[in-house]
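Working notes for the structure below.
No value in this document is a laboratory result; all are computed from the given coordinates. Owing to the predicted nature of the structure, the values given are computational and were not obtained by experimental measurement. Here the Cβ positions follow ideal geometry from the backbone for every residue, glycine too, while neighbour counts run over all protein chains shown.
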Amino acid sequence: MRKVILGVLIVCLSLGLAAGAMAAPVVAWDASADFNVTGDSSGDNSGLFGGSAQIAASATQSYGPFDGCVVLKYDSGEATPIFLDDAFIKYNAAAFALYFKMLGIDNGIYDIECAPSEAGTLTLGIPSKPGLKMEVPMENFSLYGIVNNQTGSVIYNFAGGVDFTMDALGLGFTFNSNQANNSSSYGAQLTYALDAMSFTGQFGGLSPNAGGSGTGYVLKVNYTLPGGSGLALEYYGADANLNQTLNPYSKLYGEFNTPLAENVTLTFDVTSTDNGGGAAVTGWEGKIGITL
């Protein structure tokens, strides 16, 4: 399957490169690596030398109005540690940008979430499937639309959204129509930036075909310290219907990050999660991130 996807990518890029007289091709490379250790209050601890490593490398080739991108990843915690994470063709027109995402494209309710063990039973948005995305940017305003197709059947999912910006204030709306199970979801986001501090508020809902609509929300505060360090505090909440259990879901997340050197960052975070029906679990992670 991956060979087929890579073949499609190569063919599409070849067609783009052959289209008319264009500027010389430009190839851009990007890479990052994360090395981390984790632990939680249940006693699950990766240990100093038992942590995981994630390395991502992307290559983008531009030729006239066409961009082609391939992203490879290595994750020591996966059964297949090296895998193709993303691949797409992008066409840049004067008034819009069009993406063809071969490995899949989705759209959630911003950052709203529920318990990981329950999230797979009913997608909070549309599932990630091959599809198209169109973006239309304008001054202080942008909109986008997504259409993708369920694997093995001709069932299309639709999503879209709009974003407004007015100086330090931002406002966004998104909507999803999951045709595979006849569910719909919506979300709204409000952001405000004030000097070194920024605030984000999100609210959304899910309406499944079987009834029992649920809602959730997210609150975030970020603060940049002198010298480039940063603090973040986030709270996630979801009612019993959105969490698809008889109990609500909540998560409190705190993070501190600081630069150690050029392109090297140390991050430490603590998370307290209540999946519903049991005691909250507190977890922590220490991570060194490197960008090239």
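Where does the chain land on Rg(C-alpha)/(2.2 N^0.38 Å)?
So the chain has a normalised radius of gyration of 1.10.
Of all the C-alpha pairs in region 143-210, what % are more than 15 Å from each other?
61
Please list the non-local residues whose amide H lies under 5 Å from the amide H of Ile112, H modeled 1.01 Å from N, same-chain partners needing a gap of 5 or more.
none
Within a Cβ distance under 13 Å of Ala31, other residues only, what is the Lys/Arg minus Asp/Glu net charge?
-2
For the chain, what does the helix formula give at 222 nm: sum of -39500 (n - 2.57) over DSSP H segments with n ≥ 4, over the residue count, nearest 500 deg cm²/dmol? Don't skip to the end; give the middle numbers.
Working: 2 runs with 20 residues, N = 292.
The per-residue figure over the chain is -2000 deg cm²/dmol.
Quick one: 3J(HN,Hα) in Hz for region 283-292, Karplus 6.51/-1.76/1.60 with θ = phi - 60°, rounded, Gly and Pro as x.
Residue by residue, region 283-292 yields x, 9, 8, x, 9, 10, x, 10, 10, 10 Hz.
How large is ³J(HN,Hα), in whole Hz, for each residue of region 225-236 in order, when computed from phi with the Karplus curve 6.51 cos²θ - 1.76 cosθ + 1.60 and θ = phi - 60°, using x for Gly and Pro?
Listing the rounded values in order: 8, x, x, x, 6, x, 10, 9, 9, 9, 10, 10 Hz.
Provide the per-residue ³J(HN,Hα) series for region 199-213, in order, calculated from phi with Karplus coefficients 6.51, -1.76, 1.60 and θ = phi - 60°, each as a whole number of Hz, with x at glycine and proline positions.
Running phi through 6.51 cos²θ - 1.76 cosθ + 1.60 with θ = phi - 60° gives 10, 9, x, 10, 9, x, x, 10, 10, x, 4, 7, x, x, 4 Hz.
Compute the Rg to Rh ratio over region 200-290 from the alpha carbon atoms, using the Kirkwood formula for Rh, and round to two decimal places.
My calculation of the ratio gives 1.11.
Place a point 7 Å from the Cα of Ser42 along the Cα-to-Cβ direction; which residues of region 264-292 have their backbone N under 13 Å from it?
273-276, 278-284, by backbone N distance to the label point.
Sort 214-225, 136-147 by the packing proxy (mean of other Cβ within 10 Å over each peptide's residues), most packed first.
Answer by packing, highest mean first, reads 214-225, 136-147.
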